[in-house]
1. Looking only at region 63-73, count every residue that is of a type outside the set (Ser, Thr, Tyr) and either surrounded by 14 or more Cβ atoms within 10 Å (Cβ to Cβ) or in contact with a Pro (Cβ under 9 Å, 6 or more places away or on another chain) (or both) and tell me the total.
2. Since Asp76 meets every condition but one in (1) surrounded by fewer than 20 Cβ atoms within 10 Å (Cβ to Cβ); (2) outside any helix (DSSP H, G or I); (3) modelled with pLDDT of 95 or more, which condition does it not meet?
3. With the requirement that a residue be touching a Gly at 6+ places or on another chain (Cβ under 6 Å) and more than 15 Å from Ala3 (Cα to Cα), what does region 49-75 give you?
4. Going by what's in this entry, would Asn81 be described as modelled with pLDDT under 90, within 15 Å of the chain's Cα centre (by Cα) and closer than 19 Å to Asp31 by Cβ?
5. Which of (1) assigned to a helix (DSSP H, G or I); (2) over 17 Å from Leu48 (Cβ atoms); (3) of a type in the set (A, V, I, L, M, F, W, C) is the odd one out, the single condition Phe68 does not satisfy?
6. Can you name the residue in region 1-35 that is out of contact with any Gly (no Cβ under 8 Å at 6 or more places or on another chain) and among the aliphatic types (A, V, I, L, M) and is also surrounded by the most Cβ atoms within 10 Å (Cβ to Cβ) among such residues?
7. Applying the selection to region 36-62, what residues are surrounded by 18 or more Cβ atoms within 10 Å (Cβ to Cβ) and not in a loop (DSSP other than H, G, I, E, B)?
8. Has region 96-106 got any residue that is closer than 16 Å to Ala141 by Cβ, touching an Asp or Glu at 6+ places or on another chain (Cβ under 6 Å) and open to solvent by 30 Å² or more (accessible area, probe 1.4 Å)?
Amino acid sequence: MIAQGEGELLEFKETLRWDLRQGLVHKRLEDSLLKAIAAFANYKGGTLLIGVRDDGAVPGLEPDLNTFGGSRDKFDLHLTNLIKDRFSEGFRAGCVSVSYPAIDDRPICRVDVKRSRTPVYLNIADSGGTATPRLIVRAGASSPEIPLSQVAAYVREHFDT
């Protein structure tokens, strides 16, 4: 799966929340991960691999696990709570499954996301700190936000049967 590289149904994230450049926990990384989950749900579904770099290298979860005292259980609880709190418990239970395969003895996190039958909006804060609901979709290997002027048309074409 990793060898095929990122695409419309596969996304890699090196970490959940540990900023490797700044050496600290950074909320914007969590937002990026949640955007990918929303994008998959609003498209055809897909798989997110945490602990895998964009080039396909597999450093694993160690940087993130260290922020939880080395505990995968705490990592899992944090990820589950992020999804539940930013979307809903029903969405987490019905559209998202999480597993922890190992590659070359390094654990990664696999997040499988099913296509949602209804639009999934994600509240993301702007530069001023005001959170507004946004519709994020999948386009190739990226997860762009649908402009407000196009949301109704996208929802009508993608979700109405």
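The values are calculated or read from the model by the stated rules, or taken from the named source; none is laboratory data. No experiment lies behind these values; they were computed from the predicted model shown. All Cβ positions, even for glycine, are placed from backbone atoms using ideal geometry, and neighbour counts span all protein chains on display. Calculation scope for accessible area: heavy atoms of the full protein, side chains included, ligands and nucleic acids excluded. Shrake-Rupley method; radii C 1.70, N 1.55, O 1.52, S 1.80 Å.
1. If we filter region 63-73 for residues that are of a type outside the set (Ser, Thr, Tyr), which is where we start, we get 63-66, 68-70, 72-73.
Checking the rest, the ones that are also either surrounded by 14 or more Cβ atoms within 10 Å (Cβ to Cβ) or in contact with a Pro (Cβ under 9 Å, 6 or more places away or on another chain) (or both) come to 63-65, 68, 72.
Result for region 63-73: 5.
2. Here Asp76 meets the rest and fails (2).
3. Residues of region 49-75 that are touching a Gly at 6+ places or on another chain (Cβ under 6 Å), as a first pass: 51, 60-61.
Gly60, Leu61, listed by residue number.
4. On the way: modelled with pLDDT under 90: no; within 15 Å of the chain's Cα centre (by Cα): yes; closer than 19 Å to Asp31 by Cβ: yes.
When the stated conditions are applied, Asn81 does not pass them.
5. Every condition holds for Phe68 apart from (1).
6. Restricting to residues being out of contact with any Gly (no Cβ under 8 Å at 6 or more places or on another chain) and among the aliphatic types (A, V, I, L, M), the top hit is Leu16.
7. Once the filter is applied, which keeps residues that are surrounded by 18 or more Cβ atoms within 10 Å (Cβ to Cβ) and not in a loop (DSSP other than H, G, I, E, B), region 36-62 yields Ala36, Ile37, Ala38, Ala39, Phe40, Ala41, Gly46, Leu48, Leu49, Ile50.
8. Of region 96-106, the ones closer than 16 Å to Ala141 by Cβ are none.
No, region 96-106 contains no residue that is closer than 16 Å to Ala141 by Cβ, touching an Asp or Glu at 6+ places or on another chain (Cβ under 6 Å) and open to solvent by 30 Å² or more (accessible area, probe 1.4 Å).
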